[in-house]
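Asks: What follows is a structure written as structure tokens; I'll ask about it next.
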Amino acid sequence: MKKLFAIILASASLLLLLTSAKKGEKQATQQQAAQQHQTSAYQQDQIARKKAILNFKMAFVEGGSFEMGCTAEQADECLQPEKPAHPVFVHSFAICKYTVTQRQWREVMGKNPSDIRNDDLPVTNISWNDAQKFISKLNAFLGTKYRLPTEAEWEYAARGGTMANGLKYSGGSDIYYLAWYKDNSDDQTHPGGKRKENELGIFDMSGNVWEWCSDWYGPYPEDTETELINPEGAPSGTERVLRGGYFEGPALFCRTSCRNKSKPDYAASIFGLRLAMDKDGSDDNSNNSENNGEGE
């Protein structure tokens, strides 16, 4: 009898242990699931935050024809690389109203290469190669197809596209109110959108920072009769195109036709970038918000 009682007691104790173990496992599983849910919610929140910061405001640029290079409004200020003026047709596309900021660059690349650190300032100290790495990572994260503008697209947009008024600078003729350059910048870059926009609502295409274009740099064609269709620059080369002038430079460099160049692996405190993408006129880009793309 005592032996039977001992067996029953041992069985009860074992059952209690098994029940407790299962209860503990269940609680552990529930805790793990709760932690995973919290982690997933945090990750989703971080992704949403990053997407908000990388929400670039774009200007649609309707395609059309224009004279690229040294045109009449540039008067006697044209430099040799701007000659001769030649007819170009550009397909419709979209271009950012602002240059890429330091905050946006850091969200994608994890670091800020700029000399003067301020999230709202244009990112600088970047090479053409750096810009390509940024765009590749940005597109992979957002599922978009951002790219650098071609030199022809850049100049067409800077001139105002189909709304162009034949102005020397992007948006007007009085550079002091249009651009950050040596006479008003205090030798530093400034946040985008603080000067007057051009006809398409695009800011700072004259002054502030030189902007990388996708093209290899090359001379303009001597043929001034044949219209080029959506040109993409020289087929090869050793230097890439930069446009727009910069905060320490003269007004001469801020003209819409002025050209610059640099080796694609060279980074400088006066080099930045502006994004573009193919566009058919439909406003179906989820990254086309009403803020300035700085996440504020």
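The values are calculated or read from the model by the stated rules, or taken from the named source; none is laboratory data. Just so you know, these numbers come straight off a predicted model, no measurement behind them. Neighbour counts run over all protein chains shown; Cβ positions are idealised from the backbone, glycine included.
Asks: Does residue 264 satisfy the criteria of being more than 23 Å from residue 123 (Cβ to Cβ) and part of a loop (DSSP other than H, G, I, E, B)?
Replies: Taking the combined requirement at face value, the residue does not satisfy it.
Asks: Taking the condition at negative phi, under 23 Å from the mean Cα position of the chain (by Cα) and modelled with pLDDT of 95 or more, does residue 234 pass?
Replies: The answer is no for residue 234.
Asks: Any residue at all in segment 263-273 that is within 18 Å of residue 55 (Cβ to Cβ) and modelled with pLDDT of 85 or more? Give the derivation first.
Replies: Keep residues of segment 263-273 that are within 18 Å of residue 55 (Cβ to Cβ), which gives 273.
Then keep just the ones that are modelled with pLDDT of 85 or more; that gives 273.
Yes; the residues of segment 263-273 include at least one that is within 18 Å of residue 55 (Cβ to Cβ) and modelled with pLDDT of 85 or more.
Asks: Whether any residue in segment 279-289 is at pLDDT 95 or above and either farther than 14 Å from residue 124 by Cα or aliphatic (A, V, I, L, M) (or both) is what I want to check.
Replies: Among the residues of segment 279-289, not one is at pLDDT 95 or above and either farther than 14 Å from residue 124 by Cα or aliphatic (A, V, I, L, M) (or both), which makes the answer no.
Asks: Residue check, residue 205 against (1) touching a helix residue (DSSP H, G or I) at 6+ places or on another chain (Cβ under 9 Å); (2) crowded, with 24+ Cβ neighbours inside 10 Å; (3) more than 16 Å from residue 271 (Cβ to Cβ), all met but one. Which one?
Replies: Only one criterion is unmet by residue 205, namely (3).
Asks: Determine which member of the set 201, 249 is under 18 Å from residue 61 (Cβ atoms), touching a residue at least 60 places away in the same chain (Cβ under 8 Å), among the small types (Gly, Ala, Ser) and touching a Lys or Arg at 6+ places or on another chain (Cβ under 7 Å). So that I can check it myself, show each step before the final result.
Replies: Working: 249 fails: under 18 Å from residue 61 (Cβ atoms).
Of the residues listed, the single one that is under 18 Å from residue 61 (Cβ atoms), touching a residue at least 60 places away in the same chain (Cβ under 8 Å), among the small types (Gly, Ala, Ser) and touching a Lys or Arg at 6+ places or on another chain (Cβ under 7 Å) is 201.
Asks: Quick check on my filter: what residues within segment 208-237 are under 21 Å from residue 125 (Cβ atoms) and either of a type in the set (Phe, Trp, Tyr) or surrounded by fewer than 24 Cβ atoms within 10 Å (Cβ to Cβ) (or both)?
Replies: If the condition is that a residue be under 21 Å from residue 125 (Cβ atoms) and either of a type in the set (Phe, Trp, Tyr) or surrounded by fewer than 24 Cβ atoms within 10 Å (Cβ to Cβ) (or both), then 210, 212, 214, 217 are the ones that fit.
Asks: Moving to a separate point now. Pick from 125, 118: which is in contact with a helix residue (DSSP H, G or I) (Cβ under 8 Å, 6 or more places away or on another chain) and polar (S, T, N, Q)?
Replies: Just one listed residue meets the conditions, 118.
Asks: A further question on this structure: Does residue 54 meet the test of being in contact with a helix residue (DSSP H, G or I) (Cβ under 9 Å, 6 or more places away or on another chain), surrounded by fewer than 19 Cβ atoms within 10 Å (Cβ to Cβ), at negative phi and aliphatic (A, V, I, L, M)?
Replies: It is false that residue 54 is in contact with a helix residue (DSSP H, G or I) (Cβ under 9 Å, 6 or more places away or on another chain), surrounded by fewer than 19 Cβ atoms within 10 Å (Cβ to Cβ), at negative phi and aliphatic (A, V, I, L, M).
Conditions tested, residue by residue: (1) among the β-branched types (Val, Ile, Thr); (2) assigned by TED's automatic domain parsing to the domain that holds residue 192; (3) closer than 16 Å to residue 149 by Cα.
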{"position": "63", "(1), (2), (3)": "no, yes, yes"}
{"position": "74", "(1), (2), (3)": "no, yes, no"}
{"position": "92", "(1), (2), (3)": "no, yes, yes"}
{"position": "95", "(1), (2), (3)": "yes, yes, yes"}
{"position": "102", "(1), (2), (3)": "no, yes, no"}
{"position": "122", "(1), (2), (3)": "no, yes, no"}
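Asks: Go through segment 240-260 and report how many residues are closer than 12 Å to residue 212 by Cβ and either surrounded by fewer than 20 Cβ atoms within 10 Å (Cβ to Cβ) or among the small types (Gly, Ala, Ser) (or both).
Replies: Number of matching residues: 1.
Asks: Turning to a different aspect of this structure: Which residue is farthest from residue 219 (Cα to Cα), if the candidates are limited to segment 71-99 and must be touching a Pro at 6+ places or on another chain (Cβ under 7 Å) and of a type in the set (A, V, I, L, M, F, W, C)?
Replies: Only one residue tops the list, namely 95.
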